[in-house]
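Participant: Right, I'll just put the structure down here and ask away after.
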Amino acid sequence: YIIMTLLITLFAGLMSGLTVGYLSIDDLILDLKCSTGTNEEKRLANKIKPIITNHHWLLCTLLICNSFANETLPLVLNKIVSEFMAIIISVTLVLFFGEIVPQALCTGPNQLPIASLCAPLTQTLMYITFPISYPLGLFIDYVIGKPFKTRFRNTDLKALIELHTLKALEAERLENKYGEDIGLT
């Protein structure tokens, strides 16, 4: 039961992290990586694009899997500790190892590599949960609408370039002043 507890906690954490990780990836960024990124960035982006294309199906899949794990955890823990302790331990494990840590990891600098690495598992889970997750995703598409794609108008692009230029100039000024790269660009 201890091994099952660890596996369920890790699975719940992975689902939580992937939910935030995948759904925070902007399709415009992936399009940019596919066209102007390094070979590795292109490979990662191309592996992720088919998954995030079905936004609400993906969302439903990951939330169903996460809920399943979170609801199963106290039942397994109750086999080795009292009901009260099972709830306390379950909430603690889910909070730290099932939510906070995985979400921080899956939205950090390794977001694309993690999302790409987990793409086969995610696609498998999408098909396993298909009878529930796909119709639910379609229903959400119908009620809320499909997620919009980020696109910039010329004035937006001009403002973005100006902001980037100002940050680069500020970083260069500070680098010249303190003699070290401070990473603002």
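The values are calculated or read from the model by the stated rules, or taken from the named source; none is laboratory data. This is a predicted model, so every value here is computed, not measured. For neighbour counting, all protein chains shown are included, and Cβ atoms are generated from backbone atoms with ideal geometry for every residue, glycine included.
Participant: Say we look at region 136-174 and pick out the residues that are outside any helix (DSSP H, G or I), of a type in the set (D, E, K, R) and exposed (fewer than 11 other Cβ atoms within 10 Å of the Cβ); which of these is farthest from the chain's Cα centre (by Cα)?
Facilitator: Looking at residues that are outside any helix (DSSP H, G or I), of a type in the set (D, E, K, R) and exposed (fewer than 11 other Cβ atoms within 10 Å of the Cβ), I get 153.
Participant: Here's a follow-up. Taking helices (runs of 4 or more DSSP H) that do not extend beyond region 1-112, which have at least 3 residues that are closer than 29 Å to residue 135 by Cβ and touching a residue at least 24 places away in the same chain (Cβ under 8 Å)?
Facilitator: Working: elements: 2-23, 27-36, 39-53, 55-77, 83-95, 101-106.
Helices (runs of 4 or more DSSP H) meeting the threshold: 2-23, 39-53, 55-77, 101-106.
Participant: Mind listing whichever residues of region 126-185 are touching a helix residue (DSSP H, G or I) at 6+ places or on another chain (Cβ under 8 Å), at pLDDT 75 or above and among the small types (Gly, Ala, Ser)?
Facilitator: 133, 137
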